[in-house]
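What follows is a short report on a single structure.
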Amino acid sequence: VYKRILDTASASDLVEIREELEDRYGEPGDNLVKAFFAQNARLLARYFQFETLEVSLDTLEIKLRPVYGQKKEKLAEFIDLFDGTAVESDGLIVAYPDYREFMETLQIFMLELEE
């Protein structure tokens, strides 16, 4: 299951896997939620082509590369989603008190990027 999650290439596929697992086994445990969270963060990094991304249970630390055009607007939308976000000249720190809630918000954002 973990390999399937981590091999997923889109947010919509992650939602499909999660729904399938919830139908079979109920609410996923912490380790599965963390795997979904990590893959959503990887998809975000791939979309924006971040130089680096460090994920913990209460922060994302991102080193940015120049982003242009529509992606620059989408990155601004992402930054606006979260309070307590620190933006430096080449970096971004997103802090969140509850990674489960953050993951849900991140997943919705990633689904919107796919549209």
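Here are some notes:
- Some residue of the stretch 72-82 being open to solvent by less than 40 Å² (accessible area, probe 1.4 Å) and part of a strand (DSSP E or B): no
- Exclusive hit being over 12 Å from the mean Cα position of the chain (by Cα), assigned to a helix (DSSP H, G or I) and acidic (Asp, Glu), set Glu19, Glu27: Glu19
- Residue match in the stretch 30-43 (condition: modelled with pLDDT under 95, under 16 Å from the mean Cα position of the chain (by Cα) and at positive phi): no
The values are calculated or read from the model by the stated rules, or taken from the named source; none is laboratory data. Nothing here was measured: the structure is a model prediction, and the numbers come from that model. Surface areas here come from the heavy atoms of the whole protein model, side chains and all, with no ligands, DNA or RNA. Shrake-Rupley method; radii C 1.70, N 1.55, O 1.52, S 1.80 Å.
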